[in-house]
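Data first, discussion second: the structure below is written as structure tokens.
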């Protein structure tokens, strides 16, 4: 009987419930910490991918700039750049003019037919 009283002692029951509550709070705190660590890991992964893309872009740009520098070190490259930027022509070069073809006869015929209709109904 003394064992039953000791087990049902209100102070002891309160202590057990208090320990259960403390254990529950501890579990929630650990879960919260794990969740925050997971979010930070995902964020750092996306930042790493973004930094890798930027590095790849910069590497491609460096390769292109090195090719441009190598091209500018030759006479032909310098001439090409000057022609692009300042629309220069070398001595003896001529100008080529591209002329559009005249309108086809069908368009002219339809426009004359339209003129005839307008002329026929000019009083309207």
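For the pair residue 73 and residue 50, a Förster radius of 41 Å applied to the C-beta separation gives a FRET efficiency near 0.70, rounded to the nearest 0.05.
Please give the FRET efficiency for residue 116 paired with residue 83, using the beta carbon to beta carbon distance and R0 = 35 Å, rounded to the nearest 0.05. Plugging the Cβ-Cβ distance into 1/(1 + (r/R0)^6) gives 0.10. Counting every alpha-carbon pair across the range 23-104, the share separated by more than 23 Å comes to 65%.
Quick note: the coordinates plus some simple rules give every number you see, no bench work behind them. Values in this document were obtained by computation on a predicted structure and should not be read as measured data. Reconstructed Cβ throughout: ideal geometry from the backbone, glycine too, with neighbour counts over all protein chains shown.
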